Amino acid sequence: MTDINSIDQLAVWQTIVGYVDVKQRFRNPRRADSSPGAILKWTGHRLRLFDPSDELHNKDCFYALQYVHNITFKEALVKAKEIQPNFIPTYSSRTKTPYIIKFKSRKWASRDAPFWNVCGITAKQLLSEKCKPVQKYWTTYKDRWIKHEPTDVYANVINNRCKLYGPKTRLFLTNFIASDIGGFEPMKPDVPFIMTMNLKSYLCLINIGFNSRFVPSESSTNLGGYHPDYYLMDNDTAGINYSDRLVKKHGGKAIRFDLQGTYIDAYGNEKKLSDPYDIAFKYGAKELKRQLNRIL
């Protein structure tokens, strides 16, 4: 039987909540709230997630694997062992090293359509934005590479850096930096320019006639010389506060949707109505445009 103390528990957690470190608060990608309220801490020889809003609160990585993948404890141990071979355990936070993501893409398939077929988004358009579905990917950890073979994960490349996004399991991994701004669609004259939060929302906005770009995270305050007319970030406290900071630094106006509530996404997950993509997914492109025209 696998010795639990031979497992790199942090590496296992990173396959579930993204590239995070021990004792550093982070935004939990498994839930809609984008505030950095989650943290990983050692309790004895178990690394546990502390986030009262998550079903995995106070659970270790082995329970998390069972919950996320619907497997037994024995199967979770095997899966954990496969994540990080030849690991020499340590119970302190790792030293900072450059984080690299590499991936091998696959062709677009029919299984991708339920998530991306919103607001007229096409595979050709996604490729033009350097977004591809992923067959497998590798991430650096200490002095080695970890190989992952995910399901329904997408890579978006900006400035030779990468974001991996898995909407089915809420995977989020990135080595973007704060100055990376996404979006390649040419700007149209005399059209409102809306800065938003992610690729899918950016695509919805340009497909209904607006100019747009997107930031990789709420740490991005350098907008690469852009001066948007409007900021439309996640419709939660963190997103609203972030919009206000950008207005103070760059001018423009912060806007947000009045619509509240939840919807069931393409994978059966319940999500809050938070960004332009969410509105378009639930109500359609025409309603998204109507809502924006009303609040601009």
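The values are calculated or read from the model by the stated rules, or taken from the named source; none is laboratory data. Bear in mind the structure is a predicted one, so any value in this text is a computation, not a measurement. No Cβ is skipped: glycine too gets one built from the backbone with ideal geometry, and neighbour counts run over all protein chains shown. Side chains are part of the model used for accessible areas, which takes the heavy atoms of the whole protein and leaves out ligands, DNA and RNA. Shrake-Rupley method; radii C 1.70, N 1.55, O 1.52, S 1.80 Å.
Between helix 285-295 and the chain, what is the angle of the helix's C-alpha long axis to the longest principal axis, kept within 0 to 90° and rounded to the nearest 10?
That works out to roughly 70 degrees.
Pop out the carbon and sulfur fraction of the accessible area of the chain as a percent, whole number, probe 1.4 Å.
Details: 7240 of 14240 Å².
Here carbon and sulfur together make up 51 percent of the probe-accessible area.
Could you tell me which label, among (i) 1, 5, 10, 10, 11, 9, 9, 7, 6, 6, 6, 5, 4, 3, 3, 2, 2, 1, 0, 0; (ii) 1, 5, 11, 16, 17, 17, 13, 9, 6, 3, 1, 0, 0, 0; (iii) 1, 5, 11, 14, 15, 13, 11, 9, 8, 6, 4, 2, 1, 0, 0, carries the value of P(r) over Cα pairs in 5 Å bins from 0, in percent calculated for this structure?
Answer by label: (ii).
For the chain, give the share of DSSP beta bridges that are antiparallel, in percent and rounded to the nearest 5; count only bridges with both residues there.
Just about 80 percent of them are antiparallel.
Could you work out which residue, out of 237, 174, 43, moves most in a Gaussian network model of the chain, that is, has the largest mean-square fluctuation with Cα springs under 10 Å?
The residue that fluctuates most here is 43.
Could you pull out every residue, at least 5 positions away or on a different chain, whose amide H is within less than 5 Å of the one on residue 212? Hs are placed 1.01 Å off N in the peptide plane, and Pro or chain starts have none.
Under 5 Å from the amide H of residue 212 lie the amide H atoms of 194, each far enough along the sequence or on another chain.
Divide by every residue of the chain the summed helix terms, -39500 (n - 2.57) for each DSSP H run of at least 4, and state the resulting mean residue ellipticity at 222 nm, rounded to the nearest 500 deg cm²/dmol.
Details: 9 runs with 81 residues, N = 296.
One gets -7500 deg cm²/dmol as the mean residue ellipticity at 222 nm.
Could you give the length gained by full extension between residue 294 and residue 244, i.e. 0.36 nm per residue of separation minus their alpha carbon distance, to one decimal place? Intermediate values should be presented prior to the final figure.
Values: separation 50, 0.36 × 50 = 18.00 nm, distance 2.01 nm.
That pair, residue 294 and residue 244, stretches by 16.0 nm at full extension.
Taking Cα atoms, how many degrees apart are the long axis of helix 237-250 and the longest axis of the chain, rounded to 10 and kept between 0 and 90?
Taking the Cα atoms of the chain, the angle to 237-250 is about 60 degrees.
Hey, what do the phi angles of region 43-57 turn into as Karplus ³J(HN,Hα) couplings, whole Hz, using 6.51/-1.76/1.60 and θ = phi - 60°, x for Gly and Pro?
10, x, 9, 10, 8, 10, 8, 10, 7, x, 8, 10, 4, 8, 3
Residue-wise, which Karplus ³J(HN,Hα) couplings in Hz belong to region 149-165, taking 6.51 cos²θ - 1.76 cosθ + 1.60, θ = phi - 60°, and x for glycine or proline?
10, x, 10, 6, 10, 10, 10, 10, 10, 9, 6, 6, 10, 9, 10, 9, 10
At 1.4 Å probe radius, can you tell me the per residue accessible area of the chain in Å²?
Details: 14240 Å² over 296 residues.
Spelled out: the 1.4 Å probe surface of the chain, per residue, equals 48 Å².
Please list, ordered by chain and number, the residues whose modelled amide H lies under 5 Å from the amide H of residue 153; skip anything fewer than 5 residues away on the same chain.
134
A 32 angstrom limit on the alpha carbon distance is what I want to check against. Which of 79/104; 147/282; 59/124 exceed it? Don't jump to the answer; show the numbers that get you there.
Working: 79/104 21 Å; 147/282 35 Å; 59/124 42 Å.
Table pairs above 32 Å Cα-Cα are 147/282; 59/124.
Between 0 and 90 degrees, rounded to the nearest ten: what's the tilt of helix 73-83 against the longest Cα principal axis of the chain?
70
Tell me the chymotrypsin sites (Phe, Trp or Tyr not before Pro) within region 184-281 that lie in a loop according to DSSP and have at most 12 other beta-carbon atoms within 10 Å. Intermediate results must be reported in sequence, preceding the final value.
Values: sites: 184, 193, 202, 210, 214, 226, 230, 231, 242, 257, 263, 267, 277, 281; in loops: 184, 210, 226, 257, 267.
Counting only loop positions with at most 12 other Cβ atoms within 10 Å, the chymotrypsin sites (Phe, Trp or Tyr not before Pro) in region 184-281 are 184.
Calculate how many DSSP beta bridges within region 144-218 are antiparallel, expressed in % of all such bridges and rounded to the nearest 5. Please report the intermediate quantities before stating the final value.
Numbers: 10 of 14 bridges.
Counting only bridges with both partners in region 144-218, antiparallel ones make up about 70 percent.
Taking θ = phi - 60°, what integer Hz values does the Karplus form 6.51 cos²θ - 1.76 cosθ + 1.60 yield along region 222-233, in sequence order, with x for Gly and Pro?
Taking θ as phi minus 60°, the curve returns 8, 9, x, x, 6, 10, x, 6, 9, 10, 10, 9 Hz for region 222-233.
For region 88-240, what class follows from the C-alpha gyration tensor (a ≥ b ≥ c being the square roots of its eigenvalues): rounded when a/c is under 1.5, otherwise prolate if a/b is larger than b/c, else oblate?
Values: a/c = 2.17, a/b = 1.41, b/c = 1.54.
Oblate, because a/c is 1.5 or more while a/b does not exceed b/c.
Hey, which of these cross-link pairs are over 22 Å Cα-Cα: 107/130; 130/289; 130/249; 200/289? Present the calculation step by step, with values, prior to reporting the outcome.
On the way: 107/130 13 Å; 130/289 25 Å; 130/249 29 Å; 200/289 15 Å.
Beyond 22 Å between Cα atoms: 130/289; 130/249.
Give, as a single signed number, the net charge of other residues whose beta carbon lies under 12 Å from the beta carbon of residue 278, with Lys and Arg counted +1 and Asp and Glu -1.
Working: positive: 200, 271, 272, 282; negative: 234, 236, 265, 270, 275, 287.
It works out to a net charge of -2.
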